[in-house]
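Enquirer: Before I ask anything, here is the structure I am working with.
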Amino acid sequence: QPPNVAAGTLINCYMTRTNEETHKLVLDYAHTLPEYDGMDGKGNGPRYCPSIYKKVERFPDRTGHNSFLEPEGLNTDLVYPNGMSGPYPPEIQQMIFRTMPGLANVEIIRPGYDVEYDYVNPQACTHTLETKTISGLFLAGQRCGTT
């Protein structure tokens, strides 16, 4: 049962930003990232929330990217760094975060990860989203190009 929160209660979120030092580490440790199966390691990740590596790679002229520091609950010190997803090894993630303003002493509790999306042509499914080729296998969500 979620806690009851009084109407009008505000929870503080904060913002920090990557910088050139952050971007250097992101690129220097790109070799530690997983190589996705599709397209010679150039698999597609999320379109609207790309990993920090994809942001730095796609926008090399930008000197920084925002990260919103969002509390994970009402009674916890855990914060989610929105906009900073990436599957670097935990020690590399910590080095990257510590280059950002306000995060010099940050400790990672749960390391970030990456997602690779795939696609199934909706015409390969029946109206119930059951695959036409494998009886009893139903697909939904981003697999069929929906959210």
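Enquirer: Could you list, in sequence order, the residues of the range 54-63 that are among the β-branched types (Val, Ile, Thr) and either open to solvent by 80 Å² or more (accessible area, probe 1.4 Å) or in a loop (DSSP other than H, G, I, E, B) (or both)?
Expert: If the condition is that a residue be among the β-branched types (Val, Ile, Thr) and either open to solvent by 80 Å² or more (accessible area, probe 1.4 Å) or in a loop (DSSP other than H, G, I, E, B) (or both), then THR63 is the only one that fits.
Enquirer: Then there's this: Can you tell me how many residues in the range 46-80 are under 15 Å from PRO101 (Cβ atoms) and either free of Cβ contacts under 8 Å to residues at least 40 places away in the same chain or out of contact with any Ser or Thr (no Cβ under 9 Å at 6 or more places or on another chain) (or both)?
Expert: The total comes to 1.
Enquirer: For the range 80-100, how many residues are of a type in the set (A, V, I, L, M, F, W, C) and not in a loop (DSSP other than H, G, I, E, B)?
Expert: Matching residues across the range 80-100 total 4.
Enquirer: Would you check which residues across the range 10-25 are part of a helix (DSSP H, G or I), farther than 9 Å from THR63 by Cα, in contact (Cβ under 8 Å) with a residue 24 or more places away in the chain and over 18 Å from the mean Cα position of the chain (by Cα) and list them?
Expert: Hit for the range 10-25 is GLU21, nothing else.
Enquirer: Keeping to the range 64-115, report how many residues are surrounded by fewer than 13 Cβ atoms within 10 Å (Cβ to Cβ) and among the charged types (D, E, K, R).
Expert: Of the residues in that region, 5 qualify.
Enquirer: Can you name the residue in the range 101-133 that is in a loop (DSSP other than H, G, I, E, B) and of a type in the set (Val, Ile, Thr) and, of all such residues, is farthest from GLU72 (Cα to Cα)?
Expert: Among residues in the range 101-133 that are in a loop (DSSP other than H, G, I, E, B) and of a type in the set (Val, Ile, Thr), the one farthest from GLU72 (Cα to Cα) is THR133.
Enquirer: Output the residue which, of all residues in the range 18-39 that are among the charged types (D, E, K, R) and open to solvent by 100 Å² or more (accessible area, probe 1.4 Å), is modelled with the lowest pLDDT.
Expert: ASP37
The values are calculated or read from the model by the stated rules, or taken from the named source; none is laboratory data. Quick caveat, the model's predicted, so the values are computed rather than measured. Ideal geometry is used to build each Cβ from the backbone, glycine not excepted, and the neighbour counts take in all protein chains shown. Note: areas computed on protein heavy atoms with side chains; ligands, DNA, RNA excluded. Shrake-Rupley method; radii C 1.70, N 1.55, O 1.52, S 1.80 Å.
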